[in-house]
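Undergrad: Below are the structure tokens for one structure; questions will follow.
The values are calculated or read from the model by the stated rules, or taken from the named source; none is laboratory data. Bear in mind that the values here come from a model prediction, so they are computed numbers and not experimental data. Positions of Cβ are generated from backbone atoms using ideal geometry, with glycine treated the same way; all protein chains shown enter the neighbour counts. We work out accessible area using only protein heavy atoms, side chains counted, and drop any ligands, DNA or RNA first. Shrake-Rupley method; radii C 1.70, N 1.55, O 1.52, S 1.80 Å.
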Amino acid sequence: MVDAHADWPLIQVIGLTKIYRVGVETIHALRGLDLSIGRNEMVAIMGSSGSGKSTLMNMLGCLDRPTGGSYLMNGRDVSKMDANELAQVRNEEIGFVFQSFELLPRQTALENVELPLIYARGGWRGRKQRALAALDRVGLLDRVEHRPNQLSGGQRQRVAIARAILNKPSILLADEPTGNLDSATTTEILALFRQLHLEGQTVIIVTHENEVAAHCQRVVRLRDGRVLSDLSIEQDIAGRHLPTTAASSSGAAPPC
Ligand SMILES: Nc1ncnc2c1ncn2[C@@H]1O[C@H](COP(=O)(O)OP(=O)(O)OP(=O)(O)O)[C@@H](O)[C@H]1O
Ligand SMILES: [Mg+2]
């Protein structure tokens with residue numbers, strides 16, 4: 001993890017823009033988004049399809065560069081880093097969990113979890129022990145030799161979470177991590193995220209489900225590439241019961 005500069009929020013995004021160009025079309029996916037997230041927060045990012053949630057996650061996870069604005073992580077300006085520095089931040093500070101698990105199909109659970117160590121400083125030293133410790137943390141020690149197609153959806157996502165936390169990232173980003181799971185498995189996976197959060201992990205989860213957001217402390221809703229509302233979970237729940245016109249004019253949470 002990076003040294004914690006107590007004066008700085010973990011994440012500070014100011015005026016972030018992202019423009020995609022596809023052929024002659026220009027898509028403004030983020031339109032000047034401001035967001036600040038502290039260490040050890042557990043935040044849900046919500047908003048309708050196309051509102052910019054995944055684009056934002058890709059920026060926060062340094063998978064892609066913004067078109068404009070700034071992104072400070074622990075006070076360091078990520079938007080000005082070169083490709084090598086970005087790769088280092090990505091490998092050491094960020095854990096990513098996706099809806100579709102993104103596991104290598106021919107590799108065992110253990111081999112999938114070991115993967116980030118290929119790129120990390122210190123390389124493969126003690127890799128097996130570290131990967132086993134991560135699999136233990138997600139409750140999968142009895143499945144280490146299984147390949148993804150020999151695991152349930154929830155177990156696959158646990159493998160992906162073990163891989164994401166292997167390097168003890170500053171930020172754990174999860175883009176619709178329960179989107180492919182049934183409700184019982186969703187509850188299990190959310191309990192795991194909560195446990196990691198209780199142990200000090202900063203967690204940011206994109207979701208369409210109010211039930212998933214209910215496990216977070218704070219709900220940030222996007223609309224058209226900007227922050228529409230940024231509320232505590234209690235305020236967000238209260239806002240959901242307002243009539244739609246009142247909700248949109250007051251900036252409170254709309255249904256999504
Ligand atoms: N790589 C890309 N190239 C071009 N346009 C893109 C790209 N990625 C996203 N977009 C566009 O940017 C906008 C925001 O997309 P984004 O994927 O961030 O939405 P989202 O809020 O995650 O939606 P969903 O809930 O459906 O996942 C959309 O209009 C989308 O079509
Ligand atoms: Mg998305």
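Undergrad: Using the alpha carbons of segment 61-131, what is the convex hull volume per residue in cubic angstrom, as a whole number? Walk me through the numbers before you get to the answer.
TA: Details: hull volume 8.5 nm³, N = 71.
Taking only Cα atoms, segment 61-131 has a hull volume of 120 Å³ per residue.
Undergrad: Report, largest value first, the span of the C-alpha coordinates of segment 1-69 along each principal axis, in whole Å.
TA: That gives 45, 23, 19 Å along the principal axes, largest extent first.
Undergrad: Residues of the chain: accessible area per residue at 1.4 Å, in Å²? Mind dumping the intermediate values first?
TA: Working: 12280 Å² over 256 residues.
I get 48 Å² per residue for this part.
Undergrad: Let me ask you something else. How long are the three semi-axes of the equivalent ellipsoid for segment 169-222, computed from the Cα gyration tensor as the root of 5 times each eigenvalue, in whole Å, largest first?
TA: On the way: eigenvalues 55, 38, 20 Å².
Equivalent ellipsoid of segment 169-222: 17, 14, 10 Å, largest first.
Undergrad: What part of the accessible area of the chain, given as a whole %, is carbon or sulfur when the probe is 1.4 angstrom?
TA: Values: 6010 of 12280 Å².
Taking all protein chains in place, the chain shows 49 percent carbon and sulfur surface.
Undergrad: Taking only the C-alpha atoms, wrap a convex hull around segment 1-149 and report its volume per residue in Å³ as a whole number. Walk me through the intermediate numbers first.
TA: On the way: hull volume 23.8 nm³, N = 149.
Output value, Cα hull per residue: 160 Å³.
Undergrad: Quick one: putting +1 on the C-beta of Lys and Arg, -1 on the C-beta of Asp and Glu, what dipole do you get for the chain around its Cα centre, in Debye to the nearest 20? Could you put the intermediate results ahead of the total?
TA: Details: 28 positive and 28 negative charges, 95 e Å.
With Lys and Arg at +1 and Asp and Glu at -1, about 460 debye.
Undergrad: Follow-up question, since we're still on this one. How large is the helix-only mean residue ellipticity at 222 nm for the chain, computed as the sum of -39500 (n - 2.57) over DSSP H runs with n ≥ 4, divided by its residue count, in deg cm²/dmol to the nearest 500?
TA: Values: 9 runs with 84 residues, N = 256.
Estimated from H runs of four or more residues: -9500 deg cm²/dmol.
Undergrad: Net charge around Leu166, counting only other residues with Cβ within less than 10 Å of its Cβ (Lys, Arg = +1; Asp, Glu = -1)? Walk me through the intermediate numbers first.
TA: Working: positive: Arg127, Arg130, Arg137, Arg163, Lys168; negative: Glu114.
Charge balance in the 10 Å sphere: +4.
Undergrad: Here is a further query. Could you compute Rg(Cα) / (2.2 N^0.38 Å) for the chain, with N its residue count? Spell out each step's value before the answer.
TA: Details: Rg = 18.4 Å, N = 256, 2.2 N^0.38 = 18.1 Å.
Taking N as the residue count of the chain, the ratio is 1.01.
Undergrad: Now a separate question. Within straight cross-link reach of Lys53, meaning Cα distance under 21 Å, which lysines are found once same-chain residues fewer than 8 apart are removed?
TA: The reachable lysines, counting only those whose Cα sits under 21 Å from Lys53, are Lys18.
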